[in-house]
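The values are calculated or read from the model by the stated rules, or taken from the named source; none is laboratory data. Keep in mind it's a predicted model, so treat the numbers as computed, not measured. Glycine also receives a Cβ, built like all others from the backbone with ideal geometry; neighbour counts cover every protein chain displayed. In case anyone asks, the SASA skips ligands and DNA or RNA and just uses the protein heavy atoms, side chains included. Shrake-Rupley method; radii C 1.70, N 1.55, O 1.52, S 1.80 Å.
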Amino acid sequence: MEETFFILKPDCLKRGLVGQVLERAEVRGLEITRMEMRQIDKPTLDKHYADLVDKPFYPVISDFMTSGPVLIGTFAGPGAVQAWRDMLGATDPSKAQPGTIRGDYALPSLPGQAIKNIAHGSDSLESAQREIAIWFGN
């Protein structure tokens, strides 16, 4: 059984899409093994996005991700990392295919705005393990 990490971002919560997103994962066969609503603090977000902190666009991401509560959690199931990534679709909502979470629910963003793409998913098993440790401890 593989485990992956997810964040349902502030735009997902503000738009009332949590139930639809989680239902898709459960229907796909992913089991919710941990879940918690949080207001993200900047030090934790900086650890999570350590590879982006020095990028000029990071303050926009940071402002968006701390703009409201998020739902963090883990899914477990065979091939959970790739299954969740496939369900999410492309990071850029304008490139996400219909039928994916981002393709169906994410809204295009204007230049200089954060990409409001509904949810985050770990991009590898190693990333999942690192992110789970950051958010839930070892």
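To the nearest 0.05, what FRET efficiency results for D123 and V53 with a Förster distance of 22 Å applied to their C-beta separation? Walk me through the numbers before you get to the answer.
On the way: r = 17 Å, r/R0 = 0.78.
For R0 = 22 Å, the calculated efficiency reads 0.80.
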Review point. Each residue of the range 74-79 in order: what ³J(HN,Hα) in whole Hz does its phi give by Karplus 6.51 cos²θ - 1.76 cosθ + 1.60, θ = phi - 60°, with x for Gly and Pro?
Key: 10, 10, 10, x, x, x
Review point. How much net charge surrounds F64 when only the other residues with a Cβ under 9 Å from the Cβ of F64 are counted, with Lys and Arg +1 and Asp and Glu -1?
Key: 0
Point to revise | Per-residue HN-Hα couplings for the range 100-111 [Karplus 6.51, -1.76, 1.60; θ = phi - 60°; Hz; x = Gly/Pro] | key: 8, 4, 5, x, 8, 10, 6, 10, x, 10, 7, x
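For the chain, give the percent of accessible area contributed by carbon and sulfur heavy atoms, probe 1.4 Å, rounded to a whole number.
Details: 3780 of 7090 Å².
Looking at the chain in its full context, I get 53 percent from C and S.
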**Study point:** Choice from M87, M37, M65 showing the highest fluctuation, given a GNM over the chain with Cα pairs closer than 10 Å
**Key:** M37
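Relative contact order for the range 60-123: what percent, with Cα pairs under 8 Å and sequence separation of 6 or more? Before the final figure, lay out each step's value.
Values: 68 pairs, mean separation 19.7, N = 64.
With pairs under 8 Å counted, the relative contact order is 31 percent.
If you take every residue apart from I101 with its C-beta less than 15 Å away from the C-beta of I101, what net charge results, scoring Lys and Arg +1 and Asp and Glu -1? Intermediate results must be reported in sequence, preceding the final value.
Details: positive: K9, R15, R24, R28, R85, K95, R102, K116; negative: D11, E23, E26, D86, D92, D104.
Charge balance near I101 sits at +2.
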**Study point:** Residue-averaged [θ]222 nm for the chain, counting only DSSP H segments that reach four residues, each worth -39500 (n - 2.57)
**Key:** -11000 deg cm²/dmol
Practice item. Report the net charge of residues surrounding Y49, where surrounding means a beta-carbon distance below 15 angstrom and charges are Lys +1, Arg +1, Asp -1, Glu -1. Key: -2
Review point. So which residue, out of V18, V27, V60, gets the largest mean-square fluctuation from a GNM of the chain using Cα contacts under 10 Å as springs?
Key: V27
Review point. Each residue of the range 119-126 in order: what ³J(HN,Hα) in whole Hz does its phi give by Karplus 6.51 cos²θ - 1.76 cosθ + 1.60, θ = phi - 60°, with x for Gly and Pro?
Key: 8, 10, x, 4, 8, 7, 5, 5
Review point. Any idea what the dipole of the chain comes to, in debye rounded to 20, about its Cα centre with Lys/Arg Cβ at +1 and Asp/Glu Cβ at -1?
Key: 360
Revision key, fill the gap. Spelling it out for A119: with amide H atoms placed in the peptide plane at 1.01 Å from N, the residues 5 or more places away or on another chain with amide H under 5 Å from its amide H are K9
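At a 1.4 Å probe radius, which order do L13, L125, L110 fall into by accessible area, largest first?
Details: L13 40, L125 70, L110 110 Å².
Heavy-atom accessible area, descending, gives L110, L125, L13.
Please state, as a whole number in µm²/s, the translational diffusion coefficient that the Stokes-Einstein equation yields for the range 53-106 at 10 °C and 1.306 mPa s, with Rh defined as the Kirkwood radius across alpha carbon pairs.
Details: Rh = 13.1 Å.
Reported coefficient: 121 µm²/s.
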